[in-house]
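The structure appears below as structure tokens.
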Amino acid sequence: MAPLKSLEQDHRDIDSHFQSFCALFVEDFLLNDHYVLAAMAERQPESERLKQGITELLSIIDGQHKPLLNGMELLADALHNKRVLSTGCDGIDLLLGGGLREGQLTELVGPSSSGKTQVCLQAASNVAKKHMGSVLYLDTSNSFSPQRIACFLDLAKGRFLQNVMNSILCQSVYDIFTMFGVLHQLESSMRSQRGPQMVRLIIIDSISSLITPILGGSGSHVIAGHALMVSAGYLLKKLAYEYNLAVLVTNHTVGGEGGVPKPALGETWKSISHVRLLLSHDRENNTSSVSIIKHPSLASGMASSFVICG
């Protein structure tokens, strides 16, 4: 959903006074129902206007929910409307039955230097090379490398190389609010966009670089940080499902129980992704391995080994 400020023009009850009320009681908006919020508004100046704003905001949120689908409708949608996009990494494609599935958010987890960015670059070049559509690449740490993209294309030159590179739209993003802005802009353009240049894959390398900074602090700051994290996940999944996109995000690892590495961003983010993969790299043998942590139809623990190109 768009930021509250952008709703003000079309919804007169969502004015600056109502936005200030939301900022003060963000935790209550997340945890309480309509009646509790209305009771809180009663204690504020211009209570009737605030209650109208609450009703209008909740109505906007409800209006963004898609109709419920039964099992047969979901199966038909998966079989006929969702393609699989090859990443160009044989081990990952083999493990996932072809690659990244449209309509799903795939999370690639791994420690530093495990090859996450290399996989992202190879996936971007492969989707663009095979004319599956455009790729939106959100780079959070200046790791995007057009030279490495060109290497994946072997000795391609001239118009072919130009067409592939033009199909990869790279945007530097250093905070979660900029990411929201880019994704909302994409959503607006996707409503009218058609044809082979339509964005088919979103890559965020890395999502943890954007979310980790907002999870610090205490009290309402923690609640607000987690709310932004959930909103980011919801928006990515919404784009994936409604516009038949594949989404690939990377996440780093942190120390877990007994020193065993685990994905960063905690339990809340754990439920966001449809597919969660663990990537590791053996420098001695120059081989990488990927295993399934979470998948809607494949067993956890399934693994594959491969050599990352480049």
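The values are calculated or read from the model by the stated rules, or taken from the named source; none is laboratory data. Just so you know, these numbers come straight off a predicted model, no measurement behind them. Note that each Cβ is placed from the backbone with ideal geometry, even for glycine, and that neighbours are counted across all protein chains shown. To get the accessible areas, we keep the full protein, side chains included, count just its heavy atoms, and leave off ligands, DNA and RNA. Shrake-Rupley method; radii C 1.70, N 1.55, O 1.52, S 1.80 Å.
Miscellaneous remarks
- Of all residues in region 130-167, those that are touching a residue at least 40 places away in the same chain (Cβ under 8 Å) and charged (D, E, K, R) total 3.
- Among the candidates K116, K129, residue that is at pLDDT 90 or above and either farther than 21 Å from L235 by Cα or more than 18 Å from the chain's Cα centre (by Cα) (or both): K116
- Test: residue in region 195-213 that is basic (K, R) and modelled with pLDDT of 90 or more: yes
- Pairs where the first residue, in region 275-287, is free of Cβ contacts under 8 Å to residues at least 60 places away in the same chain and the second is among the aromatic types (F, W, Y), C-beta under 9 Å, 6+ apart: T287/F306
- No other residue among S209, S297 is open to solvent by 50 Å² or more (accessible area, probe 1.4 Å), over 25 Å from D90 (Cβ atoms) and polar (S, T, N, Q) apart from S209.
- For region 132-159, filtered to residues that are of a type outside the set (A, V, I, L, M), open to solvent by less than 30 Å² (accessible area, probe 1.4 Å) and closer than 26 Å to I176 by Cβ, the residue that is modelled with the lowest pLDDT is G133.
- Listed conditions (1) of a type outside the set (S, T, Y); (2) closer than 16 Å to R101 by Cα; (3) over 15 Å from the mean Cα position of the chain (by Cα) are all met by K262, apart from (2).
- Test: residue in region 261-271 that is within 18 Å of S114 (Cα to Cα), without any contact (Cβ under 8 Å) to a residue 12 or more places away in the chain, touching a strand residue (DSSP E or B) at 6+ places or on another chain (Cβ under 9 Å) and not aromatic (F, W, Y): yes
- Members of region 66-88 that are in a loop (DSSP other than H, G, I, E, B) and either of a type in the set (G, A, S) or modelled with pLDDT of 90 or more (or both): S86, T87, G88
- Within region 16-54, restricting attention to residues that are surrounded by 15 or more Cβ atoms within 10 Å (Cβ to Cβ) and part of a loop (DSSP other than H, G, I, E, B), the residue that is modelled with the lowest pLDDT is F25.
- Going through (1) open to solvent by 10 Å² or more (accessible area, probe 1.4 Å); (2) in contact with a strand residue (DSSP E or B) (Cβ under 6 Å, 6 or more places away or on another chain) one by one, Q122 falls short only on (2).
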